[in-house]
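I have placed the structure first, in the form of structure tokens, so that the comments after it can refer back to it.
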Amino acid sequence: MGSIIVEKSALQGELEISGAKNSALPILAAVLLTDEEVILHKIPVLSDVETMIDILRTAGKNVVFEKETGTVRVSGGILHTHVPYELVRKMRASFNVLGPIAVIMGESSTPLPGGCAIGVRPVDFHIEGLKKLGFDVNYDHGEILAKRGNKPEEVAVYLPFPSVGATEHIMSVAAVLPGVTVIENAAMEPEIVDLQDLLNEMGANISGAGTSKIMITGVKKLHGCEYTVIPDRIEAGTYVLAILTTGGEGLIKNVRTDHLDALWAVLEKTGAIVKKGENSVEVKSWNNWRGCDIDVMPYPGFPTDLQPQAIVYLSLAQGTSMITENVFKTRFAHVGELVRMGANIKIKENTVIINGVERLQGTTVMGTDLRATAALVIAGFAAEGETEVTQAEYIFRGYENVIEKFAKLGGKIRYVPGGVPEI
Ligand code: UD1
């Protein structure tokens, strides 16, 4: 696997944010629900998106990805109902095709996705949800087999935790099942609203996304449409935190600032200057930024996907910060690597206690997952000397043109290639 080599740099300038990975993936899975052509815009060129496109092609769909414009055209029917292990093991979000294939074809099978570097990630809510929708779901020799059955006229699916993936999976399948389905304690992330909007463009009847109660009245058939995905709030937040951690300033464009209120609240507490525009944000660091406490929570709380990058920022703040991770309670693989760079961080159960230090030092560190790798790259820009982030390909799963974008901000960064990692 390859490395990203980073030298100390104050990041500044302008940058345009790409379409949201976490919208693109469930939206591509939902497109399985129609034979007609769906044209999607602003699909980011990422290894996770390529994996989802491979899954659609394996299922029999025609997919054309025009990478220069970010346009994806999907058409044709499903021919195969089994999703092979080589694709499922690459990306957890691939599990979200099980229900859409089964609802159209009568059955579908896929290997159970394993854990990954950010912790144990079960799929029990997905399975319980599909069962409530009348599916017969069985587990045999590492494979999940889902068979379509009779859905009761009215069903309420209560999620024990507002799981993003389970909300999206159940919502997509229920869109084409008869009767009414209500998802209670649904995830409220903007990407759920984006999926609802896409499905409604395809002829579904769904309301309530963005709240904890989503109501789906099934329709017989979905049709083709043309749709543009929302900007990636996690990509935007990552570049904002990178700029601030290196003491720079910048203008980030194509941002839905209302999707990042929890981040702005934290940054304002630390003393950073944040000026929100219509579709952009301008940020400027303040030399002696202060530490602050963060509770990582499902949306609209502070996103777990920005927790590693926030830890780097707060490692260089004045005073003590506490971050409590309530979504993936063991998501701290990056902490040990940051300590090796000179950060003063202790882990106590699902909380990290950060005592701000004056500087970090460059060394060789290892990326362990997508956001952890982004955090280590940010730490490298702030650290004295040179930092080598190994297993760096994780970053390409979620950041489009990441080397070019950091370089555009004046970051001294280069990539020494290797293979693409899999979870
Ligand atoms: C999605 C995002 C990921 C983000 C996460 C939380 C995509 C493609 N990925 O992942 O970037 O970090 O939301 O915002 O959108 N859980 C169960 N059983 C289940 C499902 C989830 O116990 O069946 C638990 C998980 O272990 C975790 C919590 O619920 O502790 C939230 O996970 P979930 O929201 O499902 O995350 P993903 O959809 O996998």
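Restricting attention to the range 250-277 and to residues that are part of a loop (DSSP other than H, G, I, E, B) and touching a Ser or Thr at 6+ places or on another chain (Cβ under 8 Å), the residue that is surrounded by the fewest Cβ atoms within 10 Å (Cβ to Cβ) turns out to be G277.
Right, S280: touching a residue at least 24 places away in the same chain (Cβ under 8 Å), crowded, with 24+ Cβ neighbours inside 10 Å and not assigned by TED's automatic domain parsing to the domain that holds E189 or not? Here the answer is no, as S280 does not meet what is asked.
Note on the range 1-86: no enclosed strands (runs of 3 or more DSSP E) hold 3 or more residues that are at pLDDT 95 or above and of a type in the set (S, T, N, Q). Among the candidates G106, G129, G77, the residue that is over 30 Å from N254 (Cα atoms) and in contact with a His (Cβ under 9 Å, 6 or more places away or on another chain) is uniquely G129.
Determine, yes or no, whether E235 is in a helix (DSSP H, G or I), charged (D, E, K, R), closer than 22 Å to Q307 by Cβ and within 19 Å of the chain's Cα centre (by Cα). When the stated conditions are applied, E235 passes them.
Where helices (runs of 4 or more DSSP H) sit wholly within the range 306-423, those with at least 2 residues that are closer than 20 Å to L11 by Cβ and of a type in the set (S, T, Y) occupy 307-315. For the range 134-156, indicate whether the set of residues that are among the β-branched types (V, I, T), closer than 30 Å to H334 by Cβ, at pLDDT 95 or above and within 13 Å of the ligand (Cβ to nearest atom) is non-empty. No, because not a single residue in the range 134-156 is among the β-branched types (V, I, T), closer than 30 Å to H334 by Cβ, at pLDDT 95 or above and within 13 Å of the ligand (Cβ to nearest atom).
Within the range 92-111, the residues that satisfy the criterion of being open to solvent by less than 30 Å² (accessible area, probe 1.4 Å) and β-branched (V, I, T) are V97, I101, V103, T110.
Looking only at residues of the range 14-42 that are among the charged types (D, E, K, R) and touching a residue at least 60 places away in the same chain (Cβ under 8 Å), we find that the one that is least open to solvent (accessible area, probe 1.4 Å) is K21. If you go through the range 74-91 one residue at a time, do you hit one that is within 13 Å of the ligand (Cβ to nearest atom) and either open to solvent by 20 Å² or more (accessible area, probe 1.4 Å) or of a type outside the set (K, R) (or both)? For the range 74-91, residues within 13 Å of the ligand (Cβ to nearest atom) and either open to solvent by 20 Å² or more (accessible area, probe 1.4 Å) or of a type outside the set (K, R) (or both): present. If you go through the range 212-230 and keep only what is within 16 Å of the ligand (Cβ to nearest atom) and open to solvent by 20 Å² or more (accessible area, probe 1.4 Å), you end up with S212, I230. Would you check which residues across the range 143-172 are within 21 Å of the chain's Cα centre (by Cα) and closer than 15 Å to P100 by Cα and list them? G165, A166, T167, E168, H169, I170, M171, S172 - these are the residues of the range 143-172 that are within 21 Å of the chain's Cα centre (by Cα) and closer than 15 Å to P100 by Cα. Selection over the range 86-106 of residues that are over 19 Å from the mean Cα position of the chain (by Cα) and farther than 16 Å from T34 by Cα gives a count of 1. Where residues in the range 164-184 are of a type in the set (S, T, Y) and over 8 Å from T217 (Cα atoms), which of them is nearest to the ligand (Cβ to nearest atom)? If we take residues in the range 164-184 being of a type in the set (S, T, Y) and over 8 Å from T217 (Cα atoms), then T167 is nearest to the ligand (Cβ to nearest atom).
Starting from residues that are polar (S, T, N, Q) and away from the ligand (no atom under 16 Å from the Cβ), keep the ones in the range 264-309 and report whichever is modelled with the lowest pLDDT. Looking at residues that are polar (S, T, N, Q) and away from the ligand (no atom under 16 Å from the Cβ), I get N287.
Taking interchain pairs and intrachain pairs at least six residues apart, which have beta carbon atoms under 6 angstrom, with the first residue in the range 148-176 and outside the structural domain of G208 (by TED's automatic domain parsing) and the second at pLDDT below 95? So the pair list comes out empty. Take the range 289-303 and flag every residue that is in contact with a helix residue (DSSP H, G or I) (Cβ under 7 Å, 6 or more places away or on another chain), without any contact (Cβ under 8 Å) to a residue 40 or more places away in the chain and open to solvent by 80 Å² or more (accessible area, probe 1.4 Å). Listed by number, the list holds a single entry, R290. If you check T364, T330, T390, T324, which single one turns out to be more than 25 Å from V283 (Cβ to Cβ), surrounded by 15 or more Cβ atoms within 10 Å (Cβ to Cβ) and of a type in the set (S, T, Y)? Within the list T364, T330, T390, T324, the selection yields T390. For the range 49-58, the criterion of being under 30 Å from T246 (Cβ atoms) and within 16 Å of the ligand (Cβ to nearest atom) is met by at least one residue.
The values are calculated or read from the model by the stated rules, or taken from the named source; none is laboratory data. This one's a predicted model, so the numbers in the text were calculated from it and none came from an experiment. Heads up, the Cβs are rebuilt from the backbone with ideal geometry, glycines too, and the neighbour counts pull from every protein chain shown. Accessible surface areas use protein heavy atoms only, side chains included; no ligands, DNA or RNA. Shrake-Rupley method; radii C 1.70, N 1.55, O 1.52, S 1.80 Å.
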